[in-house]
Amino acid sequence: ALLGDVKLGRKVADTLGDVPPEDLWAAEVREIATSCDALICNLECCISERGRRTRRVPGKPFFFRAPPVAVRSLQAIGTTAVGLANNHALDYEDEALADSLEILGQAGIPIAGAGLDAAEARRGIVVEAGEARIGLLAVADHPEEFAAGADSPGISYADLARGLPGWLTDEVARLRAECDLLVAFLHWGP
């Protein structure tokens, strides 16, 4: 199963103070989601209690951050992997992204599309789905200010309007050779 933008910040984060994390989802949704061989989503927030609102993107109107307990909401629906290449992964700067990577990793949820440097952020992942192997590659075309650098954390960024960069086509080829199915999770357009 593929889920689009899963936002566990703002009012949803407030709700997590009042209800168990698994109860963010209707029982029917949990049942359907956990019956799937794999569930992949675009996690449209950071998971952290640290950091300050970014000033990298002037005029940015929305900032999404979920508390660490939110990872249990993802586990409740059987999340197999998440894409973090989006315009909210660094809403609360580098330390909140680092927390997100650590919290998801400790929960056993692999991440594509973000990392502590460009090489890690651009590297796709392979997960099991029943008897199939699924490759996941996540990339965003905005905001460029969130792009991971050679030695700095961030998202997998590509200016897709200009075409596909070589690193992206190379990574697609690598993943295709390693898996049965390939999901290219693009977060496109501001």
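Might you let me know whether the range 85-96 holds any residue that is over 19 Å from Arg55 (Cα atoms) and either buried (at least 22 other Cβ atoms within 10 Å of the Cβ) or at pLDDT 95 or above (or both)?
no
Would it be correct to say that Asp117 is among the acidic types (Asp, Glu), free of Cβ contacts under 8 Å to residues at least 24 places away in the same chain, within 22 Å of Asp170 (Cβ to Cβ) and in contact with a Pro (Cβ under 9 Å, 6 or more places away or on another chain)? Steps first, please.
On the way: among the acidic types (Asp, Glu): yes; free of Cβ contacts under 8 Å to residues at least 24 places away in the same chain: no; within 22 Å of Asp170 (Cβ to Cβ): yes; in contact with a Pro (Cβ under 9 Å, 6 or more places away or on another chain): yes.
Against the criterion (among the acidic types (Asp, Glu), free of Cβ contacts under 8 Å to residues at least 24 places away in the same chain, within 22 Å of Asp170 (Cβ to Cβ) and in contact with a Pro (Cβ under 9 Å, 6 or more places away or on another chain)), Asp117 does not qualify.
Restricting to the range 165-190, give me the number of residues that are in a loop (DSSP other than H, G, I, E, B), at pLDDT 95 or above and open to solvent by 80 Å² or more (accessible area, probe 1.4 Å).
The number of residues fulfilling the criteria is 1.
Any idea which of Ile109, Ile134, Ile32, Ile103 is within 18 Å of Gly4 (Cβ to Cβ), aliphatic (A, V, I, L, M) and either in a helix (DSSP H, G or I) or open to solvent by 50 Å² or more (accessible area, probe 1.4 Å) (or both)? Can you show your working first?
Details: Ile109 fails: either in a helix (DSSP H, G or I) or open to solvent by 50 Å² or more (accessible area, probe 1.4 Å) (or both); Ile134 fails: either in a helix (DSSP H, G or I) or open to solvent by 50 Å² or more (accessible area, probe 1.4 Å) (or both); Ile103 fails: within 18 Å of Gly4 (Cβ to Cβ).
After ruling out the rest, the residue left standing is Ile32.
When you go through (1) open to solvent by less than 50 Å² (accessible area, probe 1.4 Å); (2) within 30 Å of Asp180 (Cβ to Cβ) one by one for Leu2, which number turns out not to apply?
(1)
When you go through (1) open to solvent by 40 Å² or more (accessible area, probe 1.4 Å); (2) of a type in the set (A, V, I, L, M, F, W, C); (3) outside any helix (DSSP H, G or I) one by one for Val69, which number turns out not to apply?
In the conditions (1) open to solvent by 40 Å² or more (accessible area, probe 1.4 Å); (2) of a type in the set (A, V, I, L, M, F, W, C); (3) outside any helix (DSSP H, G or I), Val69 misses (3) alone.
Can you name the condition, by its number, that Asp5 falls short on among (1) in a loop (DSSP other than H, G, I, E, B); (2) in contact with an Asp or Glu (Cβ under 6 Å, 6 or more places away or on another chain); (3) not aromatic (Phe, Trp, Tyr)?
With (1) in a loop (DSSP other than H, G, I, E, B); (2) in contact with an Asp or Glu (Cβ under 6 Å, 6 or more places away or on another chain); (3) not aromatic (Phe, Trp, Tyr) applied to Asp5, the lone miss is (1).
Going by the structure shown, is Ala140 over 26 Å from Asp18 (Cα atoms) and surrounded by 17 or more Cβ atoms within 10 Å (Cβ to Cβ)? Working first, answer last.
Values: over 26 Å from Asp18 (Cα atoms): yes; surrounded by 17 or more Cβ atoms within 10 Å (Cβ to Cβ): yes.
Yes; evaluated as a whole, the condition is true for this residue.
Hey, can you tell me all the residues within the range 143-155 that are of a type in the set (A, V, I, L, M), surrounded by 18 or more Cβ atoms within 10 Å (Cβ to Cβ) and not in a strand (DSSP E or B)? Working first, answer last.
Let us first name the residues in the range 143-155 that are of a type in the set (A, V, I, L, M), namely 147-148, 150, 155.
Restricting the remaining residues to those that are surrounded by 18 or more Cβ atoms within 10 Å (Cβ to Cβ) gives 147-148, 155.
Once the filter is applied, which keeps residues that are of a type in the set (A, V, I, L, M), surrounded by 18 or more Cβ atoms within 10 Å (Cβ to Cβ) and not in a strand (DSSP E or B), the range 143-155 yields only Ala148.
The values are calculated or read from the model by the stated rules, or taken from the named source; none is laboratory data. Everything numeric in this text was worked out from a predicted model, so none of it was measured. Cβ atoms come from the backbone with ideal geometry, glycine included; neighbour counts cover every protein chain shown. Only protein heavy atoms, including side chains, enter the accessible area calculation; ligands, DNA and RNA are left aside. Shrake-Rupley method; radii C 1.70, N 1.55, O 1.52, S 1.80 Å.
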